[in-house]
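Sending over a structure as C-alpha cells; questions will come in a sec.
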Amino acid sequence: MRNNRLAKWLISGPPLLYLLLFFAIPSAIMAFAAFRFPGDYGGLLPLMNVNPDTGKTELLINAGNYADFLTLENFTRFFQEPVFFELFLKSFWYAGLTTVICLALAYPLAWLIARSPKKHRDLLVLMVILPFWSNFLIRVYSWMIILGPQGYFAKSINAVLGVIGIGPVQLLFSHFAVILVLVYVHLPFMVLPLYANLEKHDMNLLDAAQDLGANAWQRFWRITWPLSLPGVWAGAALVFIPALGMFAVPDLVGGTDGIMIGNLIKQQFLDSRDWPFGSVLSIMLTLAVLMLAGLATLIGRGGKRNAL
Amino acid sequence: MHSKQSKWLWGAASLVYLFLYLPLIIVVVYSFNDSKLNAEWVGFTFKWYEILFNDAQMLTAARNTLIIGLVTSVCATVLGTLAGLAMYKYKLRLLPVLVLTPIAIPEILMGVSLLIFFVMLNMTLGLVSIALSHIAFCIGFVAIVVRSRLQGMDESLVEAARDLGATPVQAFRLVTLPLIMPGIIAGALMAFTLSIDDFVITFFTAGAGASTLPLQIYSMIRIAVTPEVNAISTLLMLLTLALIVIASKVAPGAIKAQS
Amino acid sequence: MHLFNWNNAVSSDTIKRFEAECKCKVQETYYGSMEEALAKLTAGAKGFDVIGPSNYGIPPLVKLGLLQPLDKTRLPNLKNLNPAFANTPLDPNNQYSAPYDFTVTLVGYNADKLKSLGIDPTSWAVVFDPKILARIKGKVTVLDDPREVIAAALRYNGFSANSQKPEELKKAVATIKAAKPYWAAFNSQSYIKELTLGNIWVALGYSNDLFQSRQDAVKAKRAFKIDYTLQKEGNGMTADSFVIHKNAPRPDLAVQFINFMLDGKNAAGITNNVGAGNPNAAAKPFIDKALLAVPAINPDANQVKQLEQLTDLSATTRRAWNRAWTDIKVGN
C-alpha cells in the first residue's frame with residue numbers, strides 16, 4: 001500500500017512539480033499583477049527596494065495600506081473604455097469567420113478522404129499535415145510574397161478589376177489578408193478532426209436513406225451533418241482558440257486597423273510597458289476561452305444526446 | 001449521380017490542396033530567384049544560400065534552436081511520459097488540468113505569464129528561459145500521445161508478467177516500456193518539432209539576448225521581405241521532411257499518432 | 001562584443017573595420033523603436049556590452065541602474081564632439097553616453113508620384129490632413145512609435161514636440177485618429193523597402209532610413225525618385241548615443257568601440273553610409289560634400305531652430321502617451 005503511494009508520487013510528482021512551477025505559479029503571478037500599479041519604466045511598481053545609501057532592503061509601501069499597492073484601476077480602464085470591448089468583439093469576429101471558412105474548405109476535403117479507398121487515405125491525410133509541419137512564420141511569409149503589390153498575383157487581380165473599372169485594391173495590409181492567412185495557417189486543424197469523425201460513419205445508413213427515397217441533400221443534412229457534429233466542434237475549437245490569441249498574423253499582414261487582442265497584449269508588455277493592463281487583457285482572454293470551452297462541452301453533450 | 005457528385009468534390013478538394021501547397025512552392029521557387037524583390041522572376045541563382053551560410057547571426061540562431069530543441073525534447077519526453085503514465089494509472093485531479101490547459105489556451109497567455117515570472121525571479125532571459133518554457137508546453141503533447149498508446153495496450157500482458165513473478169519495476173521495464181516505446185518516440189519527435197518551430201512563447205521568453213530561427217525569421221520579415229528568408233525556409237522545410245521520413249522508418253505509428 | 005542598437009544605424013563596413021582593429025567579433029541585435037528596446041532592457045535582457053539608445057532613452061536607463069559611467073581617460077576622442085551635442089541635460093557631462101549620430105523624423109516620399117498628384121511634402125499635412133490623405137489612401141506609413149508620431153502631430157498642431165500638457169496631447173491624438181484610416185500601416189522597419197518598391201508613396205520616418213531608401217531606389221534603377229524633406233511646422237530630432245551596459249561582459253571592448261566610433265573618420269562613416277546627421281566635429285572634413293547640402297543631415301541655422309530635440313517625458317506624461325497610443329491602435 002505504502003509502496004503504491006510512493007510509486008504514485010514518483011510517477012506523477014516530477015511533471016506535477018514542473019508544471020506547478022512553470023505554469024500554475026506564473027499564471028497566478030500574472031493574475032496578481034493585474035491588480036498592481038505599473039512601474040515608472042516598465043514592469044510593476046516595486047514593493048521593496050534596496051536603498052543605495054544603506055544597502056538595506058526597504059519596503060516602499062505601507063503594508064497595512066492595500067491601496068498603496070493594489071488597485072482595481074486596470075480593470076476599470078478595461079470596462080470603461082468601449083474600445084477594448086470592441087477589440088474583443090472584432091477578434092471574436094475574425095476568429096469566428098476564420099473558423100467558418102476553414103469549415104467550408106475542410107468539410108468536402110475531409111469527406112472525400114474518408115470516402116476514398118483505404119490504401120489512399122493515409123497519404124491524403126499526410127498531404128494535409130505536411131504543409132503544417134513547415135514553420136508557422138514561413139506560411140505567413142509565403143502570403144506576404146503572394147499578396148505584395150508587386151507580385152504577379154496582386155498585379156493580375158488588379159488588372160482584372162481594372163477592366164471592370166474598380167480601382168486597384170490593396171491586398172497586403174488589409175482585413176482580407178489577415179483572414180486569408182488565419183485560414184491558411186489553421187486549416188489542417190479543421191481537416192483532421194473532421195476526417196477522424198467522418199471516417200467512422202456507417203455507409204449503410206446513407207444507402208438505407210437512399211433506398212427510402214432521400215435525395216443527396218436530405219441525406220447530407222439529415223444524416224451525415226448531425227453525425228459529424230462532434231468532429232465539427234472539435235475542429236472549431238482547434239481553429240477558433242489559437243486564432244483568437246494570434247498576434248503575429250495581424251502584425252505582419254494587417255493594416256492599421258487589423259489588430260487583434262493578441263497584438264494589444266503584446267503591445268502592453270513589449271512596447272507600452274504596462275504590465276498590469278497587459279495582465280488584465282490576458283485574464284479577459286483566458287476567461288473568454290474558458291467560457292467558450294465550457295459552452296462547447298455543453299453543446300457537445302447536447303449533441304451526443306441528440307445523436308443517440 | 002454518385003460520380004458526378006464526386007467529380008465536383010474532387011475538384012473542390014484539389015483546389016484546397018493547391019491552396020495548401022502553392023504558397024510554399026512559391027517560397028521555394030523564389031529562393032533561387034536572382035532578384036532581391038521577391039516579385040518578378042529574373043534568373044536562377046544559389047546566391048541567397050551562400051549569403052545564408054555566411055550569415056553569422058543566422059548560424060548562431062540555428063545552433064540555439066537546435067540546442068533548445070534537443071534539451072526540450074529530452075526533458076519533455078521524460079516528464080511527459082511520467083505524466084501520461086500517471087494519468088493512465090491513477091485517478092488524478094490536478095495533474096490532468098495542469099497538463100492539458102497549456103495546450104488548450106492561446107500560446108500568448110503562457111508567453112506573457114512566463115515573461116513576468118522570469119523577470120520577477122530576476123532571471124536572465126535567454127536559452128535557459130526559452131528551454132524551460134518549451135518544456136512546460138511540450139509535456140502535455142507527449143503525455144497525450146503516451147496515454148493514448150497506453151490505452152491501446154493489452155493490460156493482460158502486464159498481469160501475465162506479474163503472475164510469472166516479475167516485480168512491478170521489471171514488468172514496466174520489460175513489458176510496458178517496449179510496448180509504449182513508439183508513443184514515446186513519437187512524443188519526443190513532436191516535442192522537438194514543436195520546440196524548433198515555436199515562435200510565440202519564444203518571442204516573449206527570449207529577451208533580447210538569444211535568438212532562435214523563428215525569431216530571426218520574424219525580425220527579418222519585419223525589416224524586409226528578402227530571398228534569404230526564402231532560402232532558410234526552404235532548408236527548414238527540407239529538414240522537417242527528413243524528420244518525417246526518419247520518423248516513419250523508426251516508428252511507423254508515430255506520424256499517425258501525432259495527427 | 002555584443003551591440004544592441006537601432007536597425008540601420010551603423011554600417012557593416014564600419015563594424016568590420018572595428019572587428020579588424022580589436023580582433024574580436026561584433027554581434028549585433030536590433031530594435032525598431034526606443035520603446036521596444038526599453039521594454040526588452042527592463043525585462044532583464046542581459047549580455048549586451050554597448051547599447052545605442054536615443055538620448056531620451058538615457059535617463060530611464062540611468063534611473064533603472066542599467067548603465068555604467070564612461071571611463072573618460074580611455075575615451076580621448078570624446079573631445080571631437082560638437083559642443084552642441086555634448087553635455088546635454090539628458091546626460092550632464094556625458095557621464096554615461098557618447099553621441100554618435102542624430103536623426104530627424106520627417107517625411108520621405110516618392111518624388112515623381114507626389115509631383116504628378118501636386119501634393120506638397122513640406123508640410124505635415126501630407127501625413128495628417130484627411131483631405132490630402134484621401135488622394136493617397138493606403139500609400140502612407142508612419143513609424144510604429146508613440147514618441148515620434150505624437151511628436152509630429154504635436155508640431156503639426158503648433159505645439160512643442162515634448163508637450164506635457166494633456167489638452168495638447170488630446171488635440172494631437174485627435175489629429176492622428178482622423179488620419180489613421182488613410183494610413184496603410186504603422187511600420188518602423190520595412191517602410192524603407194516599401195518606399196523603394198513603390199508600394200507606398202509617403203512615409204513618416206527617420207532621416208537615415210529615408211536616405212537608405214533613396215540610395216536603394218537609385219541603385220535598383222527604379223523609375224522614380226525617393227526624396228525626403230523637413231516640414232515647415234518643425235520636426236522632432238533625436239541624437240543617439242552609445243552607452244555601456246552595467247553588466248557588460250566585455251566593458252574593455254565596449255570602451256574601445258566607443259572611442260573608435262568617436263574618431264572623426266569613423267564617425268563620418270555614419271553619415272556617409274547611413275545618412276544620419278553627425279554630432280562629431282572632427283567628422284566634418286570626411287563627410288561627402290553632397291551630403292552636407294542635405295538639410296536633414298546638416299541643417300543651417302534657420303532650420304536648426306525648427307528642430308526640436310525629443311526629451312525624456314515625466315512618468316505621468318509617458319503613461320498618458322502610451323495610453324493614448326493604445327487607444328489609437330485599437331480604435332477604428
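The values are calculated or read from the model by the stated rules, or taken from the named source; none is laboratory data. These figures come from a predicted structure and were not determined experimentally. Positions of Cβ are generated from backbone atoms using ideal geometry, with glycine treated the same way; all protein chains shown enter the neighbour counts. In case anyone asks, the SASA skips ligands and DNA or RNA and just uses the protein heavy atoms, side chains included. Shrake-Rupley method; radii C 1.70, N 1.55, O 1.52, S 1.80 Å.
If I ask for residues that are over 24 Å from residue B:198 (Cβ atoms) and more than 8 Å from chain A (Cβ to nearest Cβ), which ones from segment B:72-93 would you list?
B:88, B:91, B:93
As an exercise: evaluate residue C:294 against (1) assigned to a helix (DSSP H, G or I); (2) open to solvent by 10 Å² or more (accessible area, probe 1.4 Å) and give the number of the one condition it does not meet.
The single condition residue C:294 does not satisfy is (1).
Hey, could you check segment A:138-167 for residues that are outside any helix (DSSP H, G or I) and either modelled with pLDDT of 80 or more or within 14 Å of chain B (Cβ to nearest Cβ) (or both) and say which is nearest to residue B:220 (Cα to Cα)?
A:148
Sticking with this structure for a sec: Which ones in segment B:203-215 are closer than 23 Å to residue B:116 by Cα and either open to solvent by 10 Å² or more (accessible area, probe 1.4 Å) or not in a helix (DSSP H, G or I) (or both)?
Matches in segment B:203-215: B:203, B:206, B:207, B:208, B:209, B:210, B:211, B:212, B:215.
Sticking with this structure for a sec: Would you say residue C:45 is within 7 Å of another protein chain (Cβ to nearest Cβ), farther than 18 Å from residue C:207 by Cβ, part of a loop (DSSP other than H, G, I, E, B) and open to solvent by less than 10 Å² (accessible area, probe 1.4 Å)?
On the way: within 7 Å of another protein chain (Cβ to nearest Cβ): yes; farther than 18 Å from residue C:207 by Cβ: yes; part of a loop (DSSP other than H, G, I, E, B): yes; open to solvent by less than 10 Å² (accessible area, probe 1.4 Å): yes.
Spelling it out, residue C:45 is indeed within 7 Å of another protein chain (Cβ to nearest Cβ), farther than 18 Å from residue C:207 by Cβ, part of a loop (DSSP other than H, G, I, E, B) and open to solvent by less than 10 Å² (accessible area, probe 1.4 Å).
Collect the residues in segment C:88-140 that are in contact with a strand residue (DSSP E or B) (Cβ under 8 Å, 6 or more places away or on another chain) and among the aromatic types (Phe, Trp, Tyr), keeping them in residue-number order.
C:96, C:100, C:102, C:109, C:124
Follow-up question, since we're still on this one. Out of all the residues in segment A:271-295, which are without any contact (Cβ under 8 Å) to a residue 40 or more places away in the chain and crowded, with 21+ Cβ neighbours inside 10 Å?
Within segment A:271-295, A:271, A:272, A:278 qualify.
Tally the residues that are closer than 13 Å to residue B:17 by Cβ, more than 7 Å from chain B (Cβ to nearest Cβ) and in contact (Cβ under 8 Å) with a residue 60 or more places away in the chain, restricting the search to segment A:109-127.
2
Let me confirm something: among A:208, A:216, A:234, A:248, which residue is open to solvent by 20 Å² or more (accessible area, probe 1.4 Å), aliphatic (A, V, I, L, M) and within 21 Å of the chain's Cα centre (by Cα)?
Going through A:208, A:216, A:234, A:248 in turn, just one is open to solvent by 20 Å² or more (accessible area, probe 1.4 Å), aliphatic (A, V, I, L, M) and within 21 Å of the chain's Cα centre (by Cα): A:234.
I need the full set of residues from segment B:47-91 which are of a type in the set (Asp, Glu) and either touching a helix residue (DSSP H, G or I) at 6+ places or on another chain (Cβ under 6 Å) or outside any helix (DSSP H, G or I) (or both), in order please. Walk me through it before giving the result.
Quick first cut of segment B:47-91, residues of a type in the set (Asp, Glu) only: B:50, B:55.
Answer for segment B:47-91, where residues must be of a type in the set (Asp, Glu) and either touching a helix residue (DSSP H, G or I) at 6+ places or on another chain (Cβ under 6 Å) or outside any helix (DSSP H, G or I) (or both): just B:55.
Being at pLDDT 90 or above and open to solvent by less than 10 Å² (accessible area, probe 1.4 Å) narrows it down to one residue among C:149, C:173; which is it?
Being at pLDDT 90 or above and open to solvent by less than 10 Å² (accessible area, probe 1.4 Å) holds for just one of C:149, C:173, which is C:149.
Further question: For segment C:141-226, list the helices (runs of 4 or more DSSP H) that sit wholly inside it and hold at least 2 residues that are more than 11 Å from every other protein chain (Cβ to nearest Cβ); which are they? Outline the logic, then answer.
On the way: elements: C:146-156, C:166-179, C:191-197, C:207-219.
Helices (runs of 4 or more DSSP H) meeting the threshold: C:146-156, C:166-179, C:207-219.
Tell me, which residue of segment B:222-238 that is hydrophobic (A, V, I, L, M, F, W, C) and within 8 Å of chain C (Cβ to nearest Cβ) is most open to solvent (accessible area, probe 1.4 Å)?
Top of the filtered list is B:223.
From A:192, A:187, grab the single residue that is assigned to a helix (DSSP H, G or I), within 13 Å of the chain's Cα centre (by Cα) and touching a residue at least 12 places away in the same chain (Cβ under 8 Å).
After ruling out the rest, the residue left standing is A:187.
For segment C:152-168: of the residues being of a type in the set (A, V, I, L, M) and in contact with a helix residue (DSSP H, G or I) (Cβ under 6 Å, 6 or more places away or on another chain), which is surrounded by the fewest Cβ atoms within 10 Å (Cβ to Cβ)?
C:161
Only one of B:60, B:101, B:72 is open to solvent by less than 20 Å² (accessible area, probe 1.4 Å) and either modelled with pLDDT of 90 or more or over 30 Å from residue A:151 (Cβ atoms) (or both). Can you tell me which?
The match here is B:72.
Being modelled with pLDDT of 75 or more, within 23 Å of residue C:326 (Cβ to Cβ) and more than 26 Å from the chain's Cα centre (by Cα), is that true of even one residue in segment A:24-37?
The answer is yes; a qualifying residue exists.
What helices (runs of 4 or more DSSP H), lying completely within segment A:215-308, carry at least 2 residues that are charged (D, E, K, R) and more than 12 Å from chain B (Cβ to nearest Cβ)?
Once the helices (runs of 4 or more DSSP H) in segment A:215-308 are filtered for at least 2 residues that are charged (D, E, K, R) and more than 12 Å from chain B (Cβ to nearest Cβ), what remains is A:275-307.
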